[in-house]
Amino acid sequence: MLLIKCPFCGVRDQTEFRCGGEAKRRRPKHPEQASDQQWAEYLFYRENPKGRLLERWVHSYGCRQWFNIVRDTVSHDIIEARPMGAAPALGGETE
């Protein structure tokens, strides 16, 4: 069981949250011109790195705010949690 520190509410149990996936994902700039391959890459392909990953999370049973988490995918340790758009405190991760 993970304990997640919501930047707005403090530490809560993971059951109050939902993961929104990788934070670096971006829709194609011109969706009407995107090829099937570009849409497939956006919708289905993920990095799945071993180590640190920047993810979007929502506090769905709390303040309902979206925020970013830097999480180690091997140990599941949460290195940092910050509001969307906030600069990283630890460096090395960008949005």
Any residue in the stretch 9-24 that's of a type in the set (A, V, I, L, M): show its pairings with residues that are surrounded by fewer than 11 Cβ atoms within 10 Å (Cβ to Cβ) and outside any loop (DSSP other than H, G, I, E, B) at Cβ separation under 7 Å, as long as the two are six or more apart or on different chains. 11/3
Tell me, which residue of the stretch 47-72 that is touching a Ser or Thr at 6+ places or on another chain (Cβ under 8 Å) and free of Cβ contacts under 8 Å to residues at least 40 places away in the same chain is nearest to residue 7 (Cα to Cα)? 53
What number goes with the only condition from (1) of a type outside the set (Val, Ile, Thr); (2) open to solvent by less than 40 Å² (accessible area, probe 1.4 Å); (3) in a strand (DSSP E or B) that residue 60 does not pass? (3)
Within the stretch 77-95, can one find any residue that is closer than 18 Å to residue 3 by Cβ, aliphatic (A, V, I, L, M) and open to solvent by 40 Å² or more (accessible area, probe 1.4 Å)? yes
Matching residues in the stretch 12-47 (open to solvent by 60 Å² or more (accessible area, probe 1.4 Å) and either in contact with a helix residue (DSSP H, G or I) (Cβ under 7 Å, 6 or more places away or on another chain) or within 21 Å of residue 81 (Cβ to Cβ) (or both)) number 9
Which residues, counting only those in the stretch 1-11, are open to solvent by 40 Å² or more (accessible area, probe 1.4 Å) and either modelled with pLDDT of 95 or more or among the basic types (Lys, Arg) (or both)? 5, 7, 8, 9, 11
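The values are calculated or read from the model by the stated rules, or taken from the named source; none is laboratory data. Note that the structure is predicted; figures quoted are calculated from it, not measured. Please note: Cβ atoms are built from the backbone with ideal geometry, for glycine as well, and neighbour counts cover all protein chains shown. Heads up: the accessible areas ignore ligands, DNA and RNA and are worked out on the full protein's heavy atoms, side chains in. Shrake-Rupley method; radii C 1.70, N 1.55, O 1.52, S 1.80 Å.
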